[in-house]
Structure formats: structure tokens, C-alpha cells
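The values are calculated or read from the model by the stated rules, or taken from the named source; none is laboratory data. In this text, all values refer to a predicted model and were calculated from it rather than measured experimentally. Note: ideal-geometry Cβ built from the backbone for every residue, glycine included; neighbour counts use all protein chains shown. Only protein heavy atoms, including side chains, enter the accessible area calculation; ligands, DNA and RNA are left aside. Shrake-Rupley method; radii C 1.70, N 1.55, O 1.52, S 1.80 Å.
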Amino acid sequence: MAEAEEDCHADLVRTDDSERSGEANLQAELQMFRAQWMFELAPGVSSSGLEPVPCRASSREAGLKSVDARGKQEIAKEEKAKELFLKAVEEERNGALYEAIKFYRLAMQLVPDIEFKITYTRSPDGDAVGKRCAEDSKEDDKMADLLTDFQQQLTLQESSVKLCQPEVYVSQTHISALPMEVLMYIFRWVVSSDLDLRSLEQLSLVCRGFYICARDPEIWHQVCLKIWGRSCNKLVPYASWRDMFLERPRVRFDGVYVSKTKYIRQGEQSLDGFYRAWHQVEYYRYLRFFPDGQVMMLTTPEDPQSIVPRLRTKNTRTDAILLGHYRLSQETDNQTKVFAVIMKKKEEKPVDYHKYRYFRRVPAQETDHSFHVGLQLCSSGRQRFNKLVWIHHSCHITCRSTGETAVTTFDIDKMYTPLFFARVKSFTAYSEKPL
């Protein structure tokens with residue numbers, strides 16, 4: 001019995017020793033596993049500590065390749081959306097709205113905010129625009145030397161060759177047979193006393209000889225003298241008299257300066273006092289300048305279609321027209337102003353002696369009315385010298401018997417709208433006198 005108890009006690013001791021050794025081994029293995037795991041976490045080192053980890057590198061490379069592929073796809077998609085959006089813009093400019101909407105929709109399906117990712121630094125056809133600008137600059141340089149080139153070509157030809165030659169054979173006498181003096185006289189009739197320089201420029205497009213005649217300095221000098229008088233004796237700083245006519249501020253003669261004024265006025269109260277009417281007042285002002293220094297002014301509610309034909313000549317029968325003279329003034333602030341004095345046409349009324357036969361007539365005090373107008377000459381848009389801005393307007397009433405003058409100055413407010421130029425072809429359709 002005692003032996004059996006000893007054997008059982010020995011077995012228990014051995015079992016405890018084995019369990020303790022197993023726990024120690026497990027702890028040791030766990031420590032080794034942790035050390036190896038921490039060592040493997042170091043980048044590019046394997047479990048042996050000598051070789052890189054091929055599996056981790058390959059996985060990282062694969063991830064980078066996938067990211068690059070997705071980035072390239074996004075860039076390609078955005079470029080395609082930009083191309084579609086710019087094509088839609090071009091179609092919209094050309095007026096094809098249906099096609100433009102279709103391309104807009106396709107672009108926004110690819111990239112919803114494509115409109116905000118496009119920078120309009122240049123137009124889609126920017127290269128073509130740059131080429132056209134370069135060509136235009138070259139053409140300007142050619143036009144500057146065109147007159148000299150034509151003159152040299154004519155001087156190098158034989159003396160028997162005329163200024164211009166007929167393009168096809170004609171049996172009648174051709175205009176090239178006329179002497180130079182007669183041709184220049186015809187050109188002066190083209191310009192006429194109305195200074196129709198537009199027709200002269202159109203005539204210069206016929207041939208080289210007509211181009212040279214249309215650039216005659218004497219014609220352009222006389223034109224400048226009629227416009228500015230003695231103040232244009234010096235050509236400086238302009239290169240030619242034609243350049244002075246084109247660049248120096250001036251009023252235009254081949255049309256009318258027109259302004260439209262509109263306002264609302266309160267009317268009288270009705271008899272029953274229930275309502276008060278309001279009236280919309282609308283009227284026009286017309287200014288027509290002539291090369292000889294005269295000017296016509298008309299204020300009327302009639303529209304331009306019915307009034308403009310009456311302003312072709314100064315001998316119009318419209319009673320409300322005011323006639324006068326104007327002058328151009330170049331101020332120190334480099335602004336050109338137009339000052340005019342206009343008055344109503346004087347008409348001699350016959351005296352009816354039979355009306356005052358049986359009683360003594362009290363003579364009425366006779367007065368003269370004149371209006372002083374000041375305007376500033378401006379340019380707006382692409383046209384030059386096509387705008388007149390009011391700066392002064394006054395009425396002078398002079399008594400003939402005493403010579404006293406009463407002056408009333410009007411305030412320049414919103415009722416004085418600017419006058420804009422409108423070209424009238426019929427004003428230069430006929431030539432009454434040569435230049």
C-alpha cells in the first residue's frame with residue numbers, strides 16, 4: 001500500500017515537471033515568434049535579415065501600377081471632356097445650338113464640373129488667329145509701301161504707256177486716253193463739295209493708276225483746308241494730308257447726328273378728380289453739318305425715316321429747322337469741342353395795311369432769338385467721331401430797338417442725351433460742285 005502511494009506521488013511530480021517545461025518552451029517560442037515578426041516588419045528585410053522581401057515589393061509595385069493606370073484614365077477622360085466642351089463652344093458660336101447642346105451633354109457626362117476646369121487662355125483656333133494677325137501686319141506694311149511701289153512701276157515703263165490700260169479691247173475711246181489733268185478734274189468731281197472721300201477710296205480700287213490719282217496730296221490738302229481752315233497749315237505730326245484727315249478729330253458730313261429723348265410727364269387731373277393722366281413724351285434732335293461751316297438743327301417728334309430726307313440740302317422748307325454756323329476747337333485737355341450759333345430762318349411777312357386802317361397800330365417789339373450750343377466730339381465702338389455729348393446750351397434774346405440781350409442757360413441733365421452719327425447714302429449720291 002505504501003509502495004502504491006509512492007508511485008502515484010512520483011507520477012504527479014513528473015506530470016508537474018513536464019507541464020512546467022512545456023510552458024517554458026511555449027513562452028520561448030512565443031518570444032522568438034515576436035522577435036522574428038518585428039524583424040520582418042522592417043522594410044526590405046526577410047526573416048533571415050539578409051534578403052529583401054520579394055512578395056511585399058511585388059505587391060507594392062502592383063498597387064502603384066494600378067494607381068498610375070487609374071490616374072491616366074482620369075486624365076484621358078478629362079482631356080476628352082475638354083475637347084467635347086470646346087467643340088460645343090465652337091458650335092454655339094456658329095449658331096448650331098442643337099449640336100452644341102449634344103456636345104455639352106457628352107462632356108458633362110464624362111466630367112460633371114468640366115466647365116470650371118477649362119482655362120480660356122486662348123481660343124481653340126488660337127494658332128489660326130495668330131497667323132491671321134501676322135498676315136494682317138504684313139498686309140499693313142505692304143499697304144504703306146503700295147503707293148511707292150505703283151509709282152516706281154509706272155516710271156519704269158515706257159513713256160508711251162498710259163496711266164491705266166483697258167482690260168479688254170473696246171472700239172470706243174477709253175478713259176485711259178484722257179490727259180492726267182482731265183482725270184484729276186474727274187476725281188475732284190467724285191469728291192465733290194460734300195467731301196465724299198468714301199467714293200474716292202472706292203475709285204482707287206479700280207487699278208494702279210487710279211490708286212495713284214486718289215492719293216494725290218493736293219486733293220487731300222484741299223479737303224483738310226475745307227474742314228479745319230488755316231489751323232491745318234502744318235502737316236506735323238501727321239505723315240500725309242490723308243493721315244491728317246483720318247486721324248484728326250472732325251465732324252462727319254455724310255450723314256446726321258441723331259438723339260432720342262423719352263420721358264414721362266404728369267397730366268392734368270380729371271374733372272371728377274378720380275384719376276390723373278400720365279403722358280409719355282418722345283422726341284428727336286437732328287444735327288447736320290456741312291463742309292462750308294454751316295449747320296442745321298431740328299427738334300421734332302417725327303421719326304428719322306420722314307425727317308432725314310429733308311435734311312439733304314440747306315434749302316429745306318421745314319419751318320422748325322434752325323440754321324447757323326459752327327467751329328471746331330481743340331482744347332488744352334486734348335479734347336475736340338464743337339461750338340455752334342443757330343437761329344430760326346428769317347422770313348419777310350407782308351404787312352397788311354387794311355387790317356389797321358381804322359385804328360392806330362401799336363408796333364410790337366421785335367426780337368432776335370439765337371441758340372448757343374456746345375458739344376464734345378467723341379468716338380464710340382469701332383466708328384470714329386460718331387458721338388456728340390452736350391456741354392452747353394443757352395438761348396440769347398436780343399431786342400432790336402435797344403440792343404439789349406437776355407441770356408438763359410439751360411441745365412445739362414438727362415434730357416440732353418448724346419447724339420450718335422448715322423450715315424445717309426443719299427446725301428452723297430449726287431455731286432453738285434467739284435472740290
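Once the Cα-Cα distance is subtracted from the 0.36 nm per residue extended length, the Cys399 to Thr417 segment shows a gain of 3.3 nm.
Ranking Met180, Met415 from most to least accessible surface, computed with a 1.4 Å probe over the protein chains only, gives Met180, Met415. Here the spin labels are modelled as points 7 Å beyond Cα on the Cα-Cβ line, and at Ser431 and His325 they lie 2.8 nm apart.
Separation of the alpha carbons by more than 19 angstrom is noted, of Lys82/Lys102; Lys260/Lys414; Lys337/Lys433; Lys234/Lys337, for Lys337/Lys433; Lys234/Lys337. Using a cutoff of 8 angstrom between alpha carbon atoms and counting only pairs six or more residues apart, the relative contact order for segment 73-117 works out to 45 percent. Placing dummy labels 7 Å off each Cα toward the beta-carbon, the span from Gln335 to Val281 is 2.8 nm.
You can think of it this way: the chain between Leu271 and Glu23 has 77.2 nm of extra reach, that is 0.36 nm per residue less the Cα-Cα gap.
Modelled spin-label separation between Gln305 and Glu115, with each label point placed 7 Å from Cα along the Cα-to-Cβ direction: 4.1 nm. The candidates Ser431, Ser259, arranged from most to least accessible area with a 1.4 Å probe in the full protein assembly, appear as Ser431, Ser259.
For segment 171-269, the relative contact order comes to 19 percent (Cα pairs under 8 Å, sequence separation of at least 6).
What the Cβ-Cβ distance of Ser380 and Glu247 gives, at R0 = 25 Å and to the nearest 0.05, is a FRET efficiency of 0.90. Surface calculation, 1.4 Å probe, protein heavy atoms: Ile321 sits at approximately 0 Å² accessible.
Computed from the mean reciprocal separation of all distinct C-alpha pairs, what Kirkwood hydrodynamic radius does segment 73-117 have, in Å?
Hydrodynamic radius (Kirkwood, Cα only) of segment 73-117 equals 10.2 Å.
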